[in-house]
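K.L.:
I'd like to ask you about the structure that follows.
The values are calculated or read from the model by the stated rules, or taken from the named source; none is laboratory data. Because the structure is predicted, anything quoted here is derived from the model rather than measured. Every residue, glycine as well, gets a Cβ built from its backbone with ideal geometry; the counts of neighbours run over all protein chains shown. Surface areas here come from the heavy atoms of the whole protein model, side chains and all, with no ligands, DNA or RNA. Shrake-Rupley method; radii C 1.70, N 1.55, O 1.52, S 1.80 Å.
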Amino acid sequence: MTSPTRTTARIGDPLNRVDGVAKVTGQARYAAEHPVEGLLYGWVVSSGITKGRIVRIHDEGARALPEVVEVMTHTNRPQLPPFDHSYTDAVSVPGSPFRALYDEKALFNGQPIAVVIAGTLETARYAASLIDVEYESESHNTDFAVALTSQFVPNDKRSTFEPPQSRGDAHAAYDAAPLKVAADFHVPAYYHNPMEMHASTVVWEGNGRITVYDKTQGPQNVQAYLAAVFGFSPEHVRVKNPYVGGAFGSGLRPQYQVYLATLAAKMLERSVRVVLTRQQMFSHVHRPETVQTVALATDTSGRLQAIINDAATSTSRFEDYMETVCDWGLMNYACENASAKYTIARVDTYTSGDMRAPGAATGMTLFELAVDEMAYAASVDPLQFRLINYSDKNAMDGTPFTSKALREACAQGAEKFGWSRRTPAPRSMRDGRELVGWGVATGIWDALFEKTSAHAKLLPNGDLEVATAASDIGTGTYTVMAQVAADTLGLPIEKVTATLGDSALPKSTVEGGSKLAASAGAAVQHVCRGVAEKLLVAADQLEGQPLGGARMEDVTFAQGRIALKSDATRSISFGDAMSAAGLDTIEVEDSPAWHSGGSSQTRKSRNTHNAIFAEVKVDEELCVVRVTRIVIAVAAGRIINPKTARSQILGGVVMGIGMALHEETATDHRLGRVMNHNFAEYHIPAHADIQDIEVIFVDEPDPEVTPLGVKGVGEIGIVGTAAAVVNAIYHATGKRVHSLPVTIDKLLV
Amino acid sequence: MDTRVFGGTSQAGAAQSSEAIGISLVINGRRRDFVIEPWVTLLDLLREQEHLTGTKKGCDHGQCGACTVLVDGKRINSCLALAVARDGAQVTTIEGLACEGLAEGHGLHPLQQAFVDHDALQCGYCTPGQICSAQGLINEGHARSRDEVRESMSGNLCRCGAYTNIAAAVMEVLEKADTR
Ligand code: FES
Ligand code: FES
């Protein structure tokens, strides 16, 4: 089952990941793994209080150790700029961005308040344990339920926030309808917890220059941030992230370890590495805690008459993080009356932020729980219910979709899963001592595109290099770039080298929102087409013009040759064409012209969709739940590489299973501290939790959505998955659980 | 080729402390001598002193499996092992596994090839630990079925969620080994 080799790689081929060998042999180096001469190790000391001020930091014990070079705190740190605008970044949200070691204030538990810098990791760690801090505490609140009493709508909203649009009169229609359900749903905060902890290695190059190996989803975002905060000129800051050990959104904004490592490097004029501990991974960005009230009503045939979908999410005291939570249900279902309200509420934590399918992974999932309850109230099969209320256009704003193959996804998923063999009554299916439940849900996410630049360089022997300052956080960006390049110029994948993860490369968007395959893919195709055009011009210099002055539309590029479409025997190699024109290389750097309006005049909605079917088995006495089978059918436009794309969906599904059954942040509100800040107590799915997952990509040609027809697959896999599982648990047990995760105690009551 | 490395120190740091102890390890087939403090973990020794960064740190508390290496053929969490307690041991890391594969005349160890073929990785950060753990599982010889593989690999977390592909990759190698 190895990849086809030495044949032209095509978009759509299930090629092996091009960075796979580097990763399975341990050669891929992540942010904390680049060797540096004379490196110092920084260990972060975290605040033990949630709110108040630092009165004094006793660092004498730490400083007494011979290998300790410095203890950096707010009292001795280098100068920092006074105004908020210096600390904002490409994806920051309204408010006052967090500045570590800026002053004596403590804003959240686990806040970094000092960095011990030493010659060895062990000394830095030990010295940090010797630091004593005197605080003056103030009262705090980390309890979201309490914060909700002062929920609000901020005036200043982040630019990507799409407010929900109400239609009709949902409350009157709800009151008048014969069948209805209403419930309050809740999800806890979730921490991204990529397996690689946030880490940065700052190399002090001298002459005001630094090279930074950082765990980030956007090297150019970090470059601009470090330049603004620390007063470097941007060209003197080079940020690299060739390998990133997962992120899921935690590396979208510059994280505090890169700030601290750079601050320490500047203070000492030395190279410094800072790696957070797993515990400290619970001291920064997280998916907000969310409450959502969903009320639905239908007529007696199960047609939706009213949707009421209100939600609130948590944010910090210092920034207003908002996400699109309420829109998805309103977009997805035909219903004349719908209303939604979205608010945020402040708690004394770090600012919440984007995590895999922000807003939809929670908002659509909880909505899909209510849809299942409505289907049962109306005595309609839950899959059938979704088809009865299907909307071919965006039901919220009336715009058409560039494509929506959700109907096909429902049909193909149901067929594969065997949905027709389901008996509707709860507790009606069993396997020995286990109750069996089958549940369904659907999901929706954005298909985004952002202008990205790329560089391509072709050598006469057919070696091709393509590059952009994008990131591959496990998403397969390297492979997508190489594969699109190979396809465009008709080369085997082995002839292509993709380079990314370096701020010095052509401008790229951050790796987020599932937009990079579409955006970087289009950029690579565009510059490779540019190379192809130059090749053809070069071929014309060849004596006798074997291609007869052919134009781009008359030729194909394959096996390192340009050939006439009309007569494949008339062809010339790239090398011959280039030498005829006296070229050693052909290079093109550019970005594709593309307007998100596409060619059409009308505004359209651009979305991916999915249908998820879940089987659970529940021990009748112990209430232990196992997810034994998932079938997910995804409509996401064109799939560049079905093998790596499938893995993206699998990853989303696994995280969704975690939401359904395992993941939960437990905070002691008296302390304001996350108490389960480790992998032993913050449960994520392990091998034994994950059984069969089948992924189907539904055919969905969509030339309009993005230049390549690609919609992106990084996030759609998580949207709705937890709902399919929880709906299956209802089918198995007859119990509705409204607060995730569905732990055993909630089923035993 | 023996090299003396003074652990617990660096080019930048102070001299080795009085508590340092001399040990030797055979790492990926090469004997290495160290003088290190008793609190240096095998994981930090591999990563920070030997620059064998293929072995990953995901928690430093024995909760994630990213640091799994083979010590005398058995899989262990190297973050929980003090290097001085392993004096004389044979340590195989992901870098050494590749060499063993090469010695057999393949480009990669069969597990490494199977992981690539099944796309049993995404970010790749848990991957060396998964592969070393799988080799340990094969050495143990207990797990046969896919369910047993899942159970026995559950100490190795993968936040990217590559579990089904990892199980498929391990099963392929297990089955091939069985029919040999
Ligand atoms: S780093 Fe050793 S188990 Fe996590
Ligand atoms: S591949 Fe990323 S954690 Fe497993």
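K.L.:
Look through the stretch A:68-99, keep the residues that are under 24 Å from residue A:219 (Cα atoms) and of a type in the set (D, E, K, R), and return whichever of them is nearest to the chain's Cα centre (by Cα).
P.N.:
Result: A:89.
K.L.:
On the basis of being of a type outside the set (Gly, Ala, Ser), away from ligand 1 (no atom under 16 Å from the Cβ) and touching a Cys at 6+ places or on another chain (Cβ under 9 Å), does residue A:225 make the cut? Let's see the steps before the verdict.
P.N.:
Numbers: of a type outside the set (Gly, Ala, Ser): yes; away from ligand 1 (no atom under 16 Å from the Cβ): yes; touching a Cys at 6+ places or on another chain (Cβ under 9 Å): no.
No; evaluated as a whole, the condition is false for this residue.
K.L.:
Another question about this same structure. Identify the residue in the stretch B:127-139 that is touching a Gly at 6+ places or on another chain (Cβ under 9 Å) and open to solvent by 10 Å² or more (accessible area, probe 1.4 Å) and, among all such residues, is farthest from ligand 1 (Cβ to nearest atom).
P.N.:
B:139
K.L.:
Just checking, which of A:613, A:574 is within 29 Å of the chain's Cα centre (by Cα) and open to solvent by less than 20 Å² (accessible area, probe 1.4 Å)? Walk me through how you get there before you give the answer.
P.N.:
Working: A:574 fails: within 29 Å of the chain's Cα centre (by Cα).
It is A:613.
K.L.:
Considering only residues that are more than 13 Å from ligand 2 (Cβ to nearest atom) and not in a loop (DSSP other than H, G, I, E, B), look in the stretch B:53-77 and name the one that is farthest from the other protein chains (Cβ to nearest Cβ).
P.N.:
B:74
K.L.:
While we're looking at this one, here's another question. Please indicate, with yes or no, whether at least one residue in the stretch B:92-100 is open to solvent by less than 10 Å² (accessible area, probe 1.4 Å), within 16 Å of ligand 2 (Cβ to nearest atom) and either in contact (Cβ under 8 Å) with a residue 12 or more places away in the chain or in contact with a His (Cβ under 9 Å, 6 or more places away or on another chain) (or both). Explain how you work it out, then say what you get.
P.N.:
Just the residues of the stretch B:92-100 that are open to solvent by less than 10 Å² (accessible area, probe 1.4 Å), to begin with: B:93-94, B:96-97.
Now drop any that are not within 16 Å of ligand 2 (Cβ to nearest atom), which leaves B:94.
Going one step further and asking which of them are either in contact (Cβ under 8 Å) with a residue 12 or more places away in the chain or in contact with a His (Cβ under 9 Å, 6 or more places away or on another chain) (or both), we end up with B:94.
Yes, the stretch B:92-100 contains at least one residue that is open to solvent by less than 10 Å² (accessible area, probe 1.4 Å), within 16 Å of ligand 2 (Cβ to nearest atom) and either in contact (Cβ under 8 Å) with a residue 12 or more places away in the chain or in contact with a His (Cβ under 9 Å, 6 or more places away or on another chain) (or both).
K.L.:
Moving to a separate point now. With the structure loaded, tell me whether residue A:336 is over 27 Å from residue A:90 (Cα atoms), open to solvent by 10 Å² or more (accessible area, probe 1.4 Å), of a type in the set (Asp, Glu) and not in a strand (DSSP E or B) or whether it fails that test.
P.N.:
yes
K.L.:
Let me ask something else about it. Does residue A:108 fit the bill of being farther than 19 Å from residue A:55 by Cβ and of a type outside the set (D, E, K, R)? Before you say what the answer is, go through the steps one by one.
P.N.:
Values: farther than 19 Å from residue A:55 by Cβ: no; of a type outside the set (D, E, K, R): yes.
It is false that residue A:108 is farther than 19 Å from residue A:55 by Cβ and of a type outside the set (D, E, K, R).
K.L.:
Residue A:65 passes all but one of (1) more than 29 Å from the chain's Cα centre (by Cα); (2) over 22 Å from residue A:104 (Cβ atoms); (3) away from chain B (no Cβ under 14 Å); which number fails?
P.N.:
(3)
K.L.:
Say whether the condition of being in contact (Cβ under 8 Å) with a residue 24 or more places away in the chain and under 23 Å from residue A:627 (Cβ atoms) is met by at least one residue in the stretch B:172-180.
P.N.:
No, because not a single residue in the stretch B:172-180 is in contact (Cβ under 8 Å) with a residue 24 or more places away in the chain and under 23 Å from residue A:627 (Cβ atoms).
K.L.:
Does residue A:254 fit the bill of being away from ligand 2 (no atom under 16 Å from the Cβ) and touching a strand residue (DSSP E or B) at 6+ places or on another chain (Cβ under 6 Å)? Show your work before the answer.
P.N.:
Values: away from ligand 2 (no atom under 16 Å from the Cβ): yes; touching a strand residue (DSSP E or B) at 6+ places or on another chain (Cβ under 6 Å): no.
Answer is no for this residue.
K.L.:
With the structure loaded, tell me whether residue A:120 is free of Cβ contacts under 8 Å to residues at least 60 places away in the same chain and not aromatic (Phe, Trp, Tyr) or whether it fails that test.
P.N.:
Numbers: free of Cβ contacts under 8 Å to residues at least 60 places away in the same chain: no; not aromatic (Phe, Trp, Tyr): yes.
Considered against the rule, which asks whether it is free of Cβ contacts under 8 Å to residues at least 60 places away in the same chain and not aromatic (Phe, Trp, Tyr), residue A:120 comes out as no.
K.L.:
Restricting to the stretch B:23-48, name every residue that is part of a strand (DSSP E or B) and within 15 Å of the chain's Cα centre (by Cα). Explain how you work it out, then say what you get.
P.N.:
Step one: filter the stretch B:23-48 for residues part of a strand (DSSP E or B), giving B:23-27, B:30-36, B:41.
Answer for the stretch B:23-48, where residues must be part of a strand (DSSP E or B) and within 15 Å of the chain's Cα centre (by Cα): B:25, B:26, B:27, B:41.
K.L.:
Follow-up question, since we're still on this one. For the stretch A:492-504, give me each residue that is within 14 Å of chain B (Cβ to nearest Cβ) and surrounded by fewer than 24 Cβ atoms within 10 Å (Cβ to Cβ).
P.N.:
Answer for the stretch A:492-504, where residues must be within 14 Å of chain B (Cβ to nearest Cβ) and surrounded by fewer than 24 Cβ atoms within 10 Å (Cβ to Cβ): just A:494.
Yes/no per residue for (1) more than 13 Å from every other protein chain (Cβ to nearest Cβ); (2) under 16 Å from the mean Cα position of the chain (by Cα):
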| position | (1), (2) |
| --- | --- |
| B:86 | yes, yes |
| B:114 | no, no |
| B:120 | no, no |
| B:126 | no, yes |
| B:148 | no, no |
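K.L.:
Which one of these does residue B:157 not meet: (1) open to solvent by 10 Å² or more (accessible area, probe 1.4 Å); (2) over 10 Å from the mean Cα position of the chain (by Cα); (3) away from ligand 2 (no atom under 16 Å from the Cβ)?
P.N.:
(3)
K.L.:
(1) away from ligand 1 (no atom under 16 Å from the Cβ); (2) more than 26 Å from residue B:173 (Cα to Cα): which one isn't true of residue B:39, the others all being true?
P.N.:
The one condition residue B:39 does not meet is (1).
Residues are listed down the side, and each one gets a yes or a no for (1) open to solvent by less than 30 Å² (accessible area, probe 1.4 Å); (2) outside the structural domain of residue B:156 (by TED's automatic domain parsing); (3) near ligand 1 (Cβ under 7 Å from one of its atoms); (4) among the polar types (S, T, N, Q):
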site: B:43; (1), (2), (3), (4): yes, yes, yes, no
site: B:51; (1), (2), (3), (4): no, yes, no, no
site: B:55; (1), (2), (3), (4): yes, yes, no, yes
site: B:61; (1), (2), (3), (4): no, yes, yes, no
site: B:67; (1), (2), (3), (4): yes, yes, yes, no
site: B:75; (1), (2), (3), (4): no, yes, no, no
site: B:82; (1), (2), (3), (4): no, yes, no, no
